[in-house]
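The structure under discussion appears below in the form of structure tokens.
The values are calculated or read from the model by the stated rules, or taken from the named source; none is laboratory data. Fair warning: this is a prediction, and the values are worked out from it, not measured in the lab. Note that each Cβ is placed from the backbone with ideal geometry, even for glycine, and that neighbours are counted across all protein chains shown. Quick note on the areas: whole protein, heavy atoms, side chains included, nothing else; ligands and nucleic acids left out. Shrake-Rupley method; radii C 1.70, N 1.55, O 1.52, S 1.80 Å.
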Amino acid sequence: VDHGVDVGVSVVVLAPAVLMLLGSGAAFWSRIPERLQACTQNFSAGLLISAVANELFPLMSHPEIANPTIREVSSFDGALAICGGFAAALLFMFGIQQATEGHKEHDSHGEMRRERSGEFEVPLLEGESASRAMVALRRETERMKLEVADLQRCISTSSREGIDKRVHDLTYSVDRAKRLLIEQEPLDERNVSRMKFHVAELSGNCDAILAQTDLANAGAELKKFQETLDHIHHHTERTRFRRWNPAPKPNAEKELSEQLPMTLIFTVTVDAAVDGLLIGLAYAASASTGLCMSIATCIEMGFLGLSFSASIQQVTRSTLRHLAAVSVPPIVLTCVGFFGHGLGSVLTQSPSVFIGLIAFSIVALLFLVTQELLAEAREASGDDMLVNIILFVGLLGGIILEKALG
């Protein structure tokens, strides 16, 4: 029996790692259409929601399902364990998110960029390009000095409108000056298509404002206009690494830095480790839950491998370096997955700790669904009815899978 369990654990842990490697290899030949990516995101989300509803919630209420030797716990102890598991999961998942992302954004080369207290972590231009950029930056700074003088005059006359206009002008000048420091890639097709969609929203926001007859409703519509405008501005600067949005292949004549983005490698490795831990814990609690988690993670890891490998392509043409970089996350996922299963198997011996473990898994899975899968699918597909229906197809698939496994 133990051998059978070991085989099952091996399958659910190794499958996502293998899919990640295959996705990394696929980056050399292809990119996946956005609509298909959104469908897979919704399908994965449906599977995970089904796993939470069909497996984890019942286990949290009746832990003896997973281990008949577990003694019954009091309502107070059970509630305390659930609250502890929820709190631990929230701290862990949002803590990991903050540690690996925070205020950081990846540029199209896979490097990190942070804007905090004047600090820039960017791949700056070098050589003659840097010299030309410095000249352009000096010109831009001279213009900014003139704008600062205009701002001082507006402040001295207490002109609210003038101050507001000059501040926004300076904000644009700062953005423009920042772009002089780094190599700029053209806006990708995805961001351009999204901006076209949001510009149509702006027009609708204007019509909504004009249609109002009272200030309260008009103000609410004006706020929506501002939010849409801010979102468009965000698209002009959006270049961070996204697991579901691979970077395009670099041109053959483009000179690459040949320096691996260690921060990106660390971020993706931590992401893979968290997924491996959750698979191991989920399988220790319930085999079918672990299987659903593994299937959903296979899809996720396949696309993450593709995006990660595509980002590595942007910085090196060395096959050895590329292979070394993309091999780290799958190896860590596998090791942490087996560790998670061993940890979960030990924790099932204590009823209160086991209930807390289930509560932790529920929050972690719902975090993945709400903060990543559904959010990114919605952003990519908008109101596409067919894509949104796939969420419920995944939910149905999870239910059928649970029935098939008994």
Please determine whether any residue of segment 168-189 is modelled with pLDDT of 80 or more, of a type in the set (Phe, Trp, Tyr) and under 30 Å from the mean Cα position of the chain (by Cα). yes
Which of the residues that make up segment 293-319 are closer than 18 Å to VAL336 by Cα and either open to solvent by less than 10 Å² (accessible area, probe 1.4 Å) or not in a helix (DSSP H, G or I) (or both)? MET293, SER294, ALA296, THR297, GLU300, MET301, LEU304, GLY305
Of the listed residues (LEU386, LEU391), the one being more than 14 Å from SER44 (Cβ to Cβ), in a helix (DSSP H, G or I) and open to solvent by 20 Å² or more (accessible area, probe 1.4 Å) is LEU386
Go through (1) acidic (Asp, Glu); (2) open to solvent by 70 Å² or more (accessible area, probe 1.4 Å); (3) farther than 23 Å from LEU229 by Cα; (4) modelled with pLDDT of 90 or more and name the single condition GLU140 misses. (2)
Only residues in segment 384-406 that are touching a residue at least 12 places away in the same chain (Cβ under 8 Å) count as the first member; pair them with residues that are buried (at least 17 other Cβ atoms within 10 Å of the Cβ) and aromatic (Phe, Trp, Tyr), Cβ under 6 angstrom, at least 6 apart or cross-chain, and list the lot. ILE390/PHE43; GLY394/PHE43
Residues of segment 16-64 being outside any helix (DSSP H, G or I) and hydroxyl-bearing (Ser, Thr, Tyr), in sequence order, are SER30
